[in-house]
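A.B. asks: Sharing a structure below in structure tokens format, with a few things to ask.
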Amino acid sequence: MTPIQRKIARRKALDRFFAFEGLTVMALALLVLLALVGQLMADGLTRLSWQFLTSFPSRFPAQAGIISAWVGTILVMLVTALAAIPLGVGAAIYLEEYAPKNWATEIIEINIATLAGVPSIVYGLMALGLLVYQFHLGQSFLTAGLTLGMLILPMIIIATREAIRSVPPSVREAAYALGATKWQTVRDHVVPYSMGGMLTGMILALSRAVGETAPLITVGALSFIAFLPHPPWQDAFPFISFEWLFDPFTVMPIQMFNWVSRPQEEFHVNAAAAGLILLAMTLAMNAVAIAIRARFRKRIHW
Amino acid sequence: MEANVVEMPVEKNVMCGSPAPRFVPRLQEKVIERLLQLAACVSVAITLGIVGILSYESLLFFQQVSIVDFMTDRQWTPLFADAHYGILPLVSGTLVTTTVALLVAIPMGSLIAIYLSEYASRGVRECVKPALELLSAVPTVVYGYFALLFVTPTLQKLWPGLPGFNMLSAGLVIGLMIVPYVSSVSEDAMRAVPVYLREGAFALGATRMQTALRVVFPSALSGITAAYVLGVSRAIGETMVVAIAAGMQPMLTLNPLEPAATMTAYIVQVSLGDVPHGSVGYRTIFATGLMLLSITLLFNIAGHVLKKRYRQVY
């Protein structure tokens, strides 16, 4: 072999080694995910039962369950979605379709980018100081939902803007040419065409909110709630009750945190079981988001 | 794009059955625009709320505790009888866990990004990317469980003297958690580098690795920096993993094998107890929060500046 051939061979070997290394690291990351799921299953699978889903927390690990936690999670998510989605989509539509290019718009844009980088626990501190002690909303479902709503608002705005931006201008021009007003164009054309991206963003944001723990601990979630909130319905007119909004709350991740941080190993089993359900919830939401993304990408060709 | 329809002298009744007064749609348009504008302004209100409440409570805190003590005292024992208010132990804890996390996330994330963008086939990329995203979808409290009950026992087999709570396992797990943030944003940046730059390198006889490291990576540096900064600020703000796995004892140490508390873990710890509203103890969490926010913002601004400086125009 001439020296130059040797040099080439060495470089090619290095190249192959580098590719192999990339593959290994990637496999390692995915293996960790598998190890995590495996560990949770090994610890918690035996504890999963109907009794676990329908019991209240208890001092006795074998009798404890998560009913107040999963009911709480669903109700908090309801408030979060109702607060964040209309505001987020509205803000995104304004910024993409209406906003003039001036300093006020620029401030809003910088502001949203900054908010997306604020640690989640800071939202909790803000909610504690402002919602709990200034507005007197209490340590309630309403406070918890609004806190998480504020937390995911920038995520929803960013995802929705991206979705709206992918609608080509020709669609808008066609609508205007037929005499549609701005709002008619947005409502009948831009929003329906960007629905896939918007839904994906919303689901991903909500799945992030489902797992958030720190801000809710800060606003004062209780980890031991042996009762359910007031039902959202009532017998007399107007049949819908909002009393539950002001009840004390707990959610799945907080129940799990409470069990993990106890020294007794029996509670760690409960934590693993709660973790499995939590993981199943977030992974299912992510799977739905990925499916929606794939479906809409296939259907629309500009 | 002005949307207002130009008035036309044709009878409109031909088109609509009952003629609506002309001003109604205009008014509706205006109202809708104002409402949407209001929605956009809510985000500004949230920022004002965060900065306002943190500054207000911290101001009250610094009326009782001198800011010099806060910055220089080497002990953080605000809830003890002999109270010390030195933020340094919390900052050192945050620094150590963040450093460990970045030592995992940046090399792994960058390698994965290079592999996915330069080596992997389209099929592999389409499968692996969503799978990696799942890593960041796992709730942080589940990662805390994993760090405390899987990673720490595993590490204890390597270092028999390792305490049950330590910053190393918390940092490692945070690092794994932020790998997808780093890899996904870096990969997007590298894929945005035009193909002709790669073709030029190949034409000169470079291997894929040389192309990736000497052409594509430097060209995508602005986007990759943004990915790293995103990773840093996620690692600093991460709460549940450190609250569960690192122990909650504020100690001024740079040794990752020891237990310690970070700024976020301290806030959780105080929120779990019943510190009376309005006391100094209550206000410490706002002062800590302000410190945390300032550090994160500093990184975000630095990222912004770096991104501008290294921006390449093709």
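A.B. asks: For the range A:243-302, give me each residue that is among the aromatic types (Phe, Trp, Tyr) and either open to solvent by less than 40 Å² (accessible area, probe 1.4 Å) or not in a helix (DSSP H, G or I) (or both).
C.D. replies: If the condition is that a residue be among the aromatic types (Phe, Trp, Tyr) and either open to solvent by less than 40 Å² (accessible area, probe 1.4 Å) or not in a helix (DSSP H, G or I) (or both), then A:TRP244, A:PHE249, A:PHE257, A:TRP259, A:PHE267, A:TRP302 are the ones that fit.
A.B. asks: Can you tell me how many residues within the range A:154-212 are touching a residue at least 40 places away in the same chain (Cβ under 8 Å), within 9 Å of chain B (Cβ to nearest Cβ) and not in a helix (DSSP H, G or I)?
C.D. replies: 1
A.B. asks: Another question about this same structure. Scan the range A:167-181 residue by residue and report those that are surrounded by 13 or more Cβ atoms within 10 Å (Cβ to Cβ) and within 29 Å of A:ALA113 (Cβ to Cβ).
C.D. replies: A:VAL167, A:VAL171, A:ARG172
A.B. asks: Then there is this: Any idea which of (1) assigned to a helix (DSSP H, G or I); (2) touching a helix residue (DSSP H, G or I) at 6+ places or on another chain (Cβ under 8 Å); (3) at the interface with another protein chain (Cβ under 10 Å from one of its Cβ atoms) is the one A:VAL118 doesn't satisfy?
C.D. replies: (1)
A.B. asks: Right, something else. Among the listed residues A:LEU82, A:LEU48, A:LEU95, A:LEU36, identify the single one that is in contact (Cβ under 8 Å) with a residue 24 or more places away in the chain and open to solvent by less than 60 Å² (accessible area, probe 1.4 Å). Walk me through how you get there before you give the answer.
C.D. replies: On the way: A:LEU82 fails: open to solvent by less than 60 Å² (accessible area, probe 1.4 Å); A:LEU48 fails: open to solvent by less than 60 Å² (accessible area, probe 1.4 Å); A:LEU36 fails: in contact (Cβ under 8 Å) with a residue 24 or more places away in the chain.
Being in contact (Cβ under 8 Å) with a residue 24 or more places away in the chain and open to solvent by less than 60 Å² (accessible area, probe 1.4 Å) holds for just one of A:LEU82, A:LEU48, A:LEU95, A:LEU36, which is A:LEU95.
A.B. asks: Shifting gears a bit: I'd like the full set of residues that are part of a helix (DSSP H, G or I) and touching a Gly at 6+ places or on another chain (Cβ under 9 Å), limited to the range B:188-210. Outline the logic, then answer.
C.D. replies: Step one: list which residues in the range B:188-210 are part of a helix (DSSP H, G or I), which gives B:188-191, B:195-203, B:208-210.
Passing the criteria: B:ASP188, B:ALA189, B:MET190.
A.B. asks: Can you find, within the range B:47-64, the residue that is farthest from A:GLY124 (Cα to Cα) among those that are surrounded by 22 or more Cβ atoms within 10 Å (Cβ to Cβ) and facing another protein chain (nearest Cβ under 8 Å)?
C.D. replies: Ranking the qualifying residues of the range B:47-64, first place goes to B:GLU57.
A.B. asks: Among the residues of the range A:135-153, which ones are farther than 15 Å from A:VAL122 by Cα and touching a residue at least 12 places away in the same chain (Cβ under 8 Å)?
C.D. replies: Just the residues of the range A:135-153 that are farther than 15 Å from A:VAL122 by Cα, to begin with: A:135-142, A:145.
Across the range A:135-153, the qualifying residues are A:LEU137, A:GLY138, A:GLN139, A:SER140, A:PHE141, A:LEU142, A:GLY145.
A.B. asks: Something else now. Among the residues of the range A:121-153 satisfying the criterion of being of a type in the set (S, T, N, Q) and part of a helix (DSSP H, G or I), which is nearest to the other protein chains (Cβ to nearest Cβ)? Quick ask: steps written out before the conclusion?
C.D. replies: Restricting attention to the range A:121-153, the residues satisfying the condition of being of a type in the set (S, T, N, Q) are A:134, A:139-140, A:143, A:147.
Of the ones still in play, those that are also part of a helix (DSSP H, G or I) are A:143, A:147.
On the way: A:THR143: 13, A:THR147: 11 Å.
Among those that are of a type in the set (S, T, N, Q) and part of a helix (DSSP H, G or I), it is A:THR147.
A.B. asks: Looking at this structure, is B:VAL96 out of contact with any Lys or Arg (no Cβ under 6 Å at 6 or more places or on another chain), open to solvent by less than 70 Å² (accessible area, probe 1.4 Å), within 14 Å of chain A (Cβ to nearest Cβ) and in a helix (DSSP H, G or I)?
C.D. replies: The answer is no for B:VAL96.
A.B. asks: Check A:ALA19 against each of (1) more than 28 Å from A:LEU279 (Cα to Cα); (2) open to solvent by 30 Å² or more (accessible area, probe 1.4 Å); (3) within 8 Å of chain B (Cβ to nearest Cβ) and name the one condition it does not meet.
C.D. replies: With (1) more than 28 Å from A:LEU279 (Cα to Cα); (2) open to solvent by 30 Å² or more (accessible area, probe 1.4 Å); (3) within 8 Å of chain B (Cβ to nearest Cβ) applied to A:ALA19, the lone miss is (2).
A.B. asks: Something else about it: When B:PRO276 is evaluated against the numbered criteria (1) in contact (Cβ under 8 Å) with a residue 24 or more places away in the chain; (2) away from chain A (no Cβ under 11 Å); (3) open to solvent by 10 Å² or more (accessible area, probe 1.4 Å), which criterion, by number, is the only one it fails?
C.D. replies: That leaves (1) as the condition not met.
A.B. asks: Only one of (1) open to solvent by 20 Å² or more (accessible area, probe 1.4 Å); (2) in contact with a His (Cβ under 9 Å, 6 or more places away or on another chain) fails for B:GLY123. Which number is that?
C.D. replies: Here B:GLY123 clears every test but (2).
The values are calculated or read from the model by the stated rules, or taken from the named source; none is laboratory data. The structure presented is a predicted model; accordingly, all values stated were derived computationally and were not measured. Note that we place each Cβ from the backbone using ideal geometry, even for glycine, and neighbour counts take in every protein chain shown. When the accessible area is computed, the model is the full protein with side chains, heavy atoms only, and any ligands, DNA or RNA have been set aside. Shrake-Rupley method; radii C 1.70, N 1.55, O 1.52, S 1.80 Å.
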